[in-house]
Number of protein chains: 2
Amino acid sequence: MKAIRFKNQSILEVELPKPTLKPGEALVRVLTAGICATDITIFHGYADFKGVPGHEFVGIVEKCPDRPDLVGQRVVADINAGCGRCSPDERHCPNRRVLGIRIQDGAFAEYCAVPASNLYPVPDGIKTRHAAFVEILAAALEISQQIHIKNQNRVGVVGDGCLGLLTAIGLRRYCRNVMLLGRHQEKLSIAKRQGVETFLTYPENAPAEIASQLGLFDIMVDATGTAHGLNWCIPLTRPEGTVVVKTTISERSMIDLATVVVNELAVQGSRCGDMAFAMDFLDNGRIDVEPLIEAVYPFARFREAFSHAMTKGSLKVLLAF
Amino acid sequence: MKAIRFKNQSILEVELPKPTLKPGEALVRVLTAGICATDITIFHGYADFKGVPGHEFVGIVEKCPDRPDLVGQRVVADINAGCGRCSPDERHCPNRRVLGIRIQDGAFAEYCAVPASNLYPVPDGIKTRHAAFVEILAAALEISQQIHIKNQNRVGVVGDGCLGLLTAIGLRRYCRNVMLLGRHQEKLSIAKRQGVETFLTYPENAPAEIASQLGLFDIMVDATGTAHGLNWCIPLTRPEGTVVVKTTISERSMIDLATVVVNELAVQGSRCGDMAFAMDFLDNGRIDVEPLIEAVYPFARFREAFSHAMTKGSLKVLLAF
């Protein structure tokens, strides 16, 4: 089968045998895969991953010895597979495999192997290209399951990339006042059309200046994907407020920790979320992901697709198999 | 009256008029004051404070037009004085005066002026030199009021200075398993004698090595007072655990934020606490602060006392007036 690997910041198009299944695994034929900011950080060396990348995908189950009822079904997958012994929360098992990120080969390939217990059938009402958003939408909605967001809270999200948009639109369903701060008017408009207030920032806007203009937020989310995202959020958060960090980057960040202490802020790390919850959210039409699709490329044009996804300001680039 | 000021990292012994009282304030004659790590960071330029430093103290009320019942009483003071209009929590009023730290002159002087509503009479059973610990003990116990510590939790405190010792001994009253990690065997013994497990670290011990030896903690507290304290705590905290940061320093810190995100840690800033709560704690004999006293100097020997307090490894240096 055709598959992709990254090596020294270049893309290799390789021919691999179809995955052989370990006990409990299913063979999934990939229909659509999304290119995520995490794939780009892996391309640049994050997590030191040598396997097949790709972790946002929709596929058809071709084989599943343990759950024959799944064969032929359209599915998405929770990417975290724990050892199954140490903890009920596989996302935090220290020996976990993470599809396309850690140990386990991912979905930038014609087929991938996934534990059957990680699969979630996609309801008929959800289009395949929309179902490709379930994994990243789950990560966005994870925030709503980690912290208590009240309807009267004021929430700010910094970063108008895909994760920032999904976070702002998603959290808007939990409280009235959600504002997305970003540098791209056309991307901010996507959120605006789904009920989110927006604020256009410029590189020369200091966060403190914005704070004096907008006031402070109860909850700020860093979805910038950059090392300085947290320092953007800290001055915009009220004393005893919460900053949620979604950014995973390989380098360390210079943080103004004194303000975190003096203002007694809570800084909450946030990663993957609940796939079933996100699927339900999508199925109930609580969010429209269609405007987040930047482009769809055939898998054979992976290099072009990846280069498009790496372009500053691009939204979700999908691969169709 | 005699007072102290810092200027360009040197100590000035100055003669000032007795403070004139603003409405609602009391005049307090200082009996004992403690030198705190924050005073040392202010000496080095933190908070850019030009007034009289000193915020841990016990005194006798000499004048108090609004609360004449307080005159003659031995008191300690909450150091945060809000504007009284914006918020019930004066500690987080953006226009607050903070005794000896921000706007308001502090207690390294024969007299200081304090809002009467900030004063807490000291019960007769508490010695004056012990009451000088109420402010810092309140800061240590603030953690128990910010996060839900369960009896079965495993708590680690890094840093065996005064704040680290008070935190470890204080939190030991909330849960069975509290461990203090530090570099001074004789200081660790103070905590050990009050029921805290201890672990002697060496500069060459990497936190990851210690984690493999000790296992992970549900809650880790950074009481190191250094820029790298948080990076000590992060690898020692279990996924979805909490790191509490007590360190306030002027420089920014290089933080391994990716681990905060991937392990979904909560990083909680923590500052001053509830004085009445800490007083009660002390009055009920739940902690013995006597072994934390490094030395008591007469106020006239301030330079010597401050130099002693700045010596690496010293515990609480007190000034007697």
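The values are calculated or read from the model by the stated rules, or taken from the named source; none is laboratory data. Quick caveat, the model's predicted, so the values are computed rather than measured. Cβ coordinates were reconstructed from backbone atoms using ideal geometry, including for glycine residues, and neighbour counts include every protein chain displayed. Please note that ligands, DNA and RNA were not included when accessible areas were found on the heavy atoms of the full protein model with its side chains. Shrake-Rupley method; radii C 1.70, N 1.55, O 1.52, S 1.80 Å.
Taking region B:308-321 as the range and being exposed (fewer than 13 other Cβ atoms within 10 Å of the Cβ) and in contact with a helix residue (DSSP H, G or I) (Cβ under 9 Å, 6 or more places away or on another chain) as the test, only B:Gly313 passes. Criterion applied to B:Val243, B:Val296 was being within 19 Å of the chain's Cα centre (by Cα) and within 14 Å of chain A (Cβ to nearest Cβ), and the one residue passing it is B:Val243. Somewhere in region A:203-213, is a residue open to solvent by less than 20 Å² (accessible area, probe 1.4 Å) and more than 10 Å from every other protein chain (Cβ to nearest Cβ)? Yes, the conditions are met somewhere in region A:203-213. Among the residues of region B:12-51, those identified as crowded, with 16+ Cβ neighbours inside 10 Å, hydrophobic (A, V, I, L, M, F, W, C) and in a strand (DSSP E or B) are B:Ala26, B:Leu27, B:Val28, B:Val30, B:Leu31, B:Ala33, B:Ile35. How many residues, within region A:163-177, are at pLDDT 95 or above and open to solvent by less than 20 Å² (accessible area, probe 1.4 Å)? Number satisfying all stated conditions: 8. Output the residues belonging to region A:262-275 that are over 15 Å from the mean Cα position of the chain (by Cα) and not acidic (Asp, Glu). Result: A:Val262, A:Asn263, A:Leu265, A:Ala266, A:Val267, A:Gln268. Checked across region B:71-87, the condition of being loosely packed, with under 14 Cβ neighbours inside 10 Å, within 29 Å of B:Lys127 (Cβ to Cβ) and modelled with pLDDT of 95 or more holds for at least one residue.
Against the definition (free of Cβ contacts under 8 Å to residues at least 40 places away in the same chain and assigned by TED's automatic domain parsing to the domain that holds B:Asn177), how does B:Val221 come out, yes or no? No: the conditions fail for B:Val221.
Determine whether region B:208-227 contains at least one residue that is among the acidic types (Asp, Glu), touching a strand residue (DSSP E or B) at 6+ places or on another chain (Cβ under 7 Å) and closer than 24 Å to B:Gly273 by Cα. The answer is yes; a qualifying residue exists.
Here B:Tyr111 passes the criteria (1) over 30 Å from B:Thr224 (Cβ atoms); (2) touching a Lys or Arg at 6+ places or on another chain (Cβ under 7 Å); (3) at pLDDT below 95 except the one numbered (3).
Taking every residue in region A:13-28 that is over 16 Å from A:Val71 (Cα atoms) and pairing it with any residue that is open to solvent by 60 Å² or more (accessible area, probe 1.4 Å) and modelled with pLDDT of 95 or more, at least 6 positions away or on another chain, the pairs with Cβ-Cβ distances below 6 Å are A:Val14/A:Arg5. Restricting region A:44-60 to residues that are modelled with pLDDT of 95 or more and not small (Gly, Ala, Ser), the residue that is farthest from A:Gly82 (Cα to Cα) is A:Ile60. In the set A:Ala305, A:Ala266, A:Ala278, A:Ala258, only one residue is buried (at least 20 other Cβ atoms within 10 Å of the Cβ), modelled with pLDDT of 95 or more and under 30 Å from B:Gly269 (Cβ atoms); that residue is A:Ala266. Taking the criterion of being at negative phi, touching a Leu at 6+ places or on another chain (Cβ under 9 Å) and within 12 Å of chain A (Cβ to nearest Cβ), would at least one residue in region B:175-198 satisfy it? Within region B:175-198, not a single residue is at negative phi, touching a Leu at 6+ places or on another chain (Cβ under 9 Å) and within 12 Å of chain A (Cβ to nearest Cβ). Which residues, taken from region B:102-139, are open to solvent by 10 Å² or more (accessible area, probe 1.4 Å) and in contact with a Phe, Trp or Tyr (Cβ under 7 Å, 6 or more places away or on another chain)? Scanning region B:102-139 gives B:Arg102, B:Glu110. Scanning region B:257-273 for residues that are facing chain A (nearest Cβ under 7 Å) and either under 24 Å from B:Tyr46 (Cβ atoms) or aliphatic (A, V, I, L, M) (or both) gives B:Leu257, B:Ala258, B:Val260, B:Val261, B:Val262, B:Leu265, B:Ala266, B:Val267, B:Gln268, B:Gly269, B:Ser270, B:Arg271. Residue pairs whose Cβ atoms lie under 6 Å apart, separated by 6 or more positions or on different chains, with the first residue in region B:36-55 and more than 13 Å from chain A (Cβ to nearest Cβ) and in contact (Cβ under 8 Å) with a residue 24 or more places away in the chain and the second part of a helix (DSSP H, G or I) and open to solvent by 30 Å² or more (accessible area, probe 1.4 Å), are B:Ile40/B:Met310.
For A:Gly100, work out the one condition from (1) at positive phi; (2) out of contact with any His (no Cβ under 6 Å at 6 or more places or on another chain) it doesn't fulfil. Single failed check for A:Gly100: (2).
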